[in-house]
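Below: the structure, in structure tokens.
The values are calculated or read from the model by the stated rules, or taken from the named source; none is laboratory data. For clarity, every value in this text was computed on a predicted model and none was experimentally measured. Heads up, the Cβs are rebuilt from the backbone with ideal geometry, glycines too, and the neighbour counts pull from every protein chain shown.
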Amino acid sequence: MIEVRDLRVWHHTAGRRVETVRGVSFSVAPGESFGLVGNSGCGKSTVLRALVGLAPDWSGSVRLGGVAPSDLSPKALARRVQMVFQDPYGSLHPRHTVDQALSEPLLIHGLGRERDARVCRALADVGLDPQVRFRLPHQLSGGQRQRVAIARALMLDPPLVLLDEPTSALDVSVQAEILNLLQRLRHERGLTLVLVSHNLAVVHHLTDRRARMQDGQLIEP
């Protein structure tokens, strides 16, 4: 499903080109859950961005199902891989209802006729009451917002989901609920997951295999 070879990513800061990911290589099999753990600034989230083509200055080889992300159209890439971000409030449009957030991918991909049924099913799949469908993000709890973000990521049934610190912005009491939800969805849908987190307990809970990053490198493959 995923093959990364000698991935290097650079950021440009104050006129300097700084290497933030240095020669990272790993592979993830279909249906596997793989974790990258490390402190803030180690480069783990940058690796995820490179997997979906959001790292502008990089080198190496990235293959998703044998295909480079750069060889796919934006629509084709969206059907293969989706991402769940750390801050669910920041990842949702503040003036869009839950219905609009979940409907948008369907409309973009010409699936508008299936909209009502798929939105209702998506809410049920992530454990949300139908009444939240027409609420705005600020009317939801943090856990509810993250469930909406997860539902949105799954609207196009991608086989691969990238998770960027999906529980770190949530209360401790809610974190376990979200992790259990992700674990259930993974098994029900046969998802391949890549999780990055600074929390080793979170990574152990959700992944089959893991590696540690430090200073842009894998130190424990």
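Would you be able to say whether some residue in the range 195-206 is within 14 Å of the chain's Cα centre (by Cα), buried (at least 20 other Cβ atoms within 10 Å of the Cβ), not in a loop (DSSP other than H, G, I, E, B) and not hydrophobic (A, V, I, L, M, F, W, C)?
The answer is yes, given that some residue of the range 195-206 is within 14 Å of the chain's Cα centre (by Cα), buried (at least 20 other Cβ atoms within 10 Å of the Cβ), not in a loop (DSSP other than H, G, I, E, B) and not hydrophobic (A, V, I, L, M, F, W, C).
Can you spot a residue in the range 4-21 that is touching a residue at least 12 places away in the same chain (Cβ under 8 Å) and under 16 Å from the mean Cα position of the chain (by Cα)?
no
Out of (1) touching a strand residue (DSSP E or B) at 6+ places or on another chain (Cβ under 6 Å); (2) at pLDDT below 95; (3) within 19 Å of Leu102 (Cβ to Cβ), what's the single condition that is false for Ser141?
Single failed check for Ser141: (1).
In the range 47-79, what residues are surrounded by 15 or more Cβ atoms within 10 Å (Cβ to Cβ), over 13 Å from Val194 (Cα atoms) and either within 12 Å of the chain's Cα centre (by Cα) or free of Cβ contacts under 8 Å to residues at least 12 places away in the same chain (or both)?
The answer is Leu72, Ala78.
Tally the residues that are in a helix (DSSP H, G or I) and either of a type outside the set (Phe, Trp, Tyr) or within 16 Å of Val194 (Cα to Cα) (or both), restricting the search to the range 124-142.
Final tally of qualifying residues: 10.
Of all residues in the range 143-180, count the ones that are buried (at least 17 other Cβ atoms within 10 Å of the Cβ) and not in a strand (DSSP E or B).
Number satisfying all stated conditions: 25.
Please enumerate the residues belonging to the range 160-194 that are under 17 Å from the mean Cα position of the chain (by Cα) and among the small types (Gly, Ala, Ser).
Ser168, Ala169, Gly190
I'd like to check something: does the range 172-189 contain any residue that is under 19 Å from Leu206 (Cβ atoms), at pLDDT below 95 and of a type in the set (Gly, Ala, Ser)?
yes
Which residues, taken from the range 113-159, are touching a Ser or Thr at 6+ places or on another chain (Cβ under 7 Å) and closer than 16 Å to Asp87 by Cα?
Correct list: Leu136, Ala149.
Restricting attention to the range 34-46, does a residue exist that is among the hydroxyl-bearing types (Ser, Thr, Tyr), over 15 Å from the mean Cα position of the chain (by Cα) and closer than 26 Å to Asn180 by Cβ?
Yes; the residues of the range 34-46 include at least one that is among the hydroxyl-bearing types (Ser, Thr, Tyr), over 15 Å from the mean Cα position of the chain (by Cα) and closer than 26 Å to Asn180 by Cβ.
Take residues that are out of contact with any His (no Cβ under 8 Å at 6 or more places or on another chain) and basic (Lys, Arg) and tell me which of the strands (runs of 3 or more DSSP E) falling wholly in the range 1-57 contain 2 or more.
Where strands (runs of 3 or more DSSP E) fall fully within the range 1-57 and carry at least 2 residues being out of contact with any His (no Cβ under 8 Å at 6 or more places or on another chain) and basic (Lys, Arg), they are 2-13, 16-28.
Only one residue in Arg115, Arg95 is surrounded by 15 or more Cβ atoms within 10 Å (Cβ to Cβ) and basic (Lys, Arg), so which one is that?
Answer to the check: Arg115.
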